[in-house]
Amino acid sequence: MTVKSLRHLWLALCLLATGCATEVPAPRVDYSKDYDFSRVHSLALQPPGEDQVAGLGRERVDAISRALAAAVVAKGITVVEQAANADVLLRWYLAGSDPNANTAYDRMSLYSCWRCGPAVAEVGMPSWQPGTLVVDVLDRRDGRPLWRATVDTRMAPDVDALTAEERREAARAVLASFPPLP
């Protein structure tokens with residue numbers, strides 16, 4: 001094997017190991033034990049408000065909503081446009097995430113002579129925004145929560161950081177236990 005082919009093999013192994021290591025954390029799920037989920041055949045997605053998505057941008061919000069809708073459809077549940085025609089409502093939002101959060105830290109740099117001296121506080125932006133994704137299924141009639149999944153997430157600042165398939169896989173993982181078995 002040549003050095004070049006060994007480098008390619010090493011790169012492929014590193015990418016494979018990285019891909020296998022990035023799985024969606026298991027969601028925490030709670031639901032109403034007295035609700036009959038076998039009656040759920042349709043749901044309507046409720047778009048999150050701007051204050052509930054921490055400034056993610058319309059493109060990313062739509063991508064998450066599409067992934068959740070695809071996961072629901074894969075379970076045999078119809079997604080309808082009008083809430084009045086749905087059995088339940090699905091609402092999602094991000095909690096505890098601040099896209100404008102700066103990270104201040106002390107760093108000693110002796111890169112060039114003019115910076116010789118004490119440590120200087122620098123401000124940087126985190127490359128991933130921590131937060132909790134909350135997915136609620138609500139009773140259409142009274143808005144009562146019926147099912148909730150929460151999962152700790154770290155969202156990349158770039159909307160294209162995850163492929164559509166990775167978003168769908170994450171949505172499937174979050175909705176894996178919906179509807180709960182009797």
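Bear in mind these aren't lab numbers, they're just calculated from the coordinates by the rules spelled out. The structure displayed is predicted, hence computed values, not measured ones. Backbone-built Cβ (ideal geometry, glycine too); neighbour counts: all protein chains shown.
A few notes on this one:
- Taking amide hydrogens as placed 1.01 Å from N in the peptide plane, the amide H of Val79 sits under 5 Å from those of Leu43, each at least 5 positions away in sequence or on another chain.
- Local net charge near Pro182, Cβ-Cβ under 12 Å (Lys/Arg +1, Asp/Glu -1): 0
- Length gained on full extension, His41 to Arg144, computed as 0.36 nm times the residue gap minus the Cα-Cα distance: 35.3 nm.
- Proximity of backbone amide H atoms, modeled 1.01 Å from N, is registered between Val40 and no other residue at under 5 Å, excluding neighbours fewer than 5 places apart on the same chain.
- Around the amide H of Thr153, modelled in the peptide plane, lie the amide H atoms of Gly131, Thr132, Leu133, all under 5 Å away and 5 or more residues distant in sequence or on another chain.
- Distance between modelled label sites at Ala83 and Ala69, nm, 7 Å Cα→Cβ extension: 1.7 nm
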